[in-house]
Amino acid sequence: MKKISIFGAGGWGTTLAVILANKPDLTVTLWSPFKNEVAAIVKDAENRNFLAGIKIPASLTVTSDTAQALSSELLIFAIPSEYLRQTLRTIKKVNSDLEQKIILSVVKGIEIKSLKRPSEIIREELGLKPSNIVVLCGPNIAREIAKGLPAVSTAASSDIKSAAYVQKIFEHTPLRVYANTDVVGVEIAASLKNIIAIACGISDGLGFGTNTKSALICRGLKEMARFAKAYKVKEETLYGISGLGDLCTTCFSPLSRNRSVGEVIGKGKALGEVLNGMKMVAEGITTVKSVYKLSKKFKIDMPITKEVYRVLYENKPAARAVKDLMSRPLKTE
């Protein structure tokens, strides 16, 4: 019996816990730092805040005991990027001897202060080798997978054996996993697509159609490719599961948090008002700050990202942002 722990009881963390707990060869623990959240999930046999209507298997252990969760051989981190570093520091105080474990990050985003990717933060805080760390990203709407609907994702690690280990863990679940070695490319693609999803949501909120959304997706993918080139990652990663695949799902799905945030902003709500009414985290809101900083630092042309940043953080009217994008100087494709 392999022991697995998921740190973070949001929608995605709970989904992973549910589908893995249904495998007879795994012992699965779901960890939350909040005792009241743990008590509610145990009592209701359901995570009503983040995954309402999905039954928690009786075989799944839910706990706030960090030492108990750290006893597993595979540790999955499903913590929002802005809280990842502090969570890792808390964990390290309990157990700093993690060198024999595989760490799987399903975190999407780029930390605002350090401008680092999740796997970089994990390495920095836990002092692990790159071969200990795997990242998992793809077109994965949590509720669909929790309901047993088929989906795919990419597990990437500098050590293909570590990626294959994670791939095997998810065998015979609704999530088919492909192995990859382009960690940087997978994390960058997974982070940047959330910005384009916000842009697509703004388009929906303004009442625009499919033509507009398709334009944002194809030109947004171009921005992602320019950004990825600065990091010398494989361009084909952007056209794979964690890139184009995730981009399409996040931009079109009504269940996408980032698209939904953009939609209400396109309808006229201010960002602060939107954030006050949200339980879940839309990673693109903070990621756009980091990517905007990096695009200026590396002089990368990212007009959609720039306009999303201005709408979110400089109170630029969304309709004006669209007008400015459409009136940019003409160019070849």
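Rank Ser260, Trp12, Gln100 by how far each Cα sits towards the positive end of the charge dipole of the chain (+1 on Lys, Arg Cβ; -1 on Asp, Glu Cβ) and give me just the farthest.
In the chain, that residue is Ser260.
Over region 100-168, with a single point scatterer placed on each C-alpha, what log10 of the ratio I(q)/I(0) does the Debye formula yield at q = 0.22 1/Å?
-0.97
Please report the net charge: other residues with Cβ closer than 11 Å to the Cβ of Tyr292, K and R +1, D and E -1.
So the surrounding residues net to +4.
Please state the charge dipole magnitude for region 2-181, taken about the Cα centre, from unit charges on C-beta atoms (+1 on K and R, -1 on D and E), reported in debye and rounded to the nearest 20.
100 debye
Starting from the Cα-Cα distance between Thr181 and Ile300, subtract it from 0.36 nm times their residue separation and give me the gain in nm to one decimal. Numbers along the way, then the final one.
On the way: separation 119, 0.36 × 119 = 42.84 nm, distance 2.51 nm.
Gain on stretching Thr181 to Ile300: 40.3 nm.
Toward the positive end of the charge dipole of the chain, about the Cα centre and with charges on Cβ (Lys, Arg +1; Asp, Glu -1), which of Ile56, Asn22, Gly127 goes farthest?
The listed residue farthest towards the positive side: Gly127.
If I take all pairs of Cα atoms in region 191-326, what percentage of them are more than 28 Å from each other? Each step should come with its number before you reach the end.
Details: 904 of 9180 pairs.
Result for the distance tail: 10 percent.
How high is the FRET efficiency from Ser114 to Met280, r the C-beta distance, R0 22 Å, rounded to 0.05?
Working from the Cβ atoms, E equals 0.40.
Across region 16-119, how many lysine pairs separated by 8 or more positions, or lying on different chains, have Cα atoms within less than 28 Å?
Total qualifying Lys-Lys pairs in region 16-119 comes to 24.
Could the peptides 315-322, 2-9, 99-106 be put in order, highest first, of the mean number of other beta-carbon atoms found within 10 Å of their residues?
Put in order of decreasing packing, that is 2-9, 99-106, 315-322.
What whole number of Å gives the distance from the Cα centroid of region 259-293 to the Cα centroid of region 44-64?
Value for the Cα centre distance between the two parts: 27 Å.
What do you get for Rg/Rh over the chain if you use C-alpha atoms and the Kirkwood form of Rh? Write out the running numbers ahead of the final one.
Working: Rg = 19.4 Å, Rh = 20.1 Å.
Checking Rg against Rh, the ratio lands at 0.96.
Between Asp97 and Ile160, what FRET efficiency comes out of the Förster formula 1/(1 + (r/R0)^6) with R0 = 30 Å and r the beta carbon distance, rounded to 0.05?
Efficiency at R0 = 30 Å is approximately 0.75.
Report the charge-dipole magnitude of the chain in Debye, nearest 20, computed about the Cα centre from +1 at each Lys and Arg Cβ and -1 at each Asp and Glu Cβ.
780 debye
Computed from the coordinates by the stated procedures, all read-outs in this text should not be read as laboratory data. Source: prediction; values computed, not measured. For neighbour counting, all protein chains shown are included, and Cβ atoms are generated from backbone atoms with ideal geometry for every residue, glycine included.
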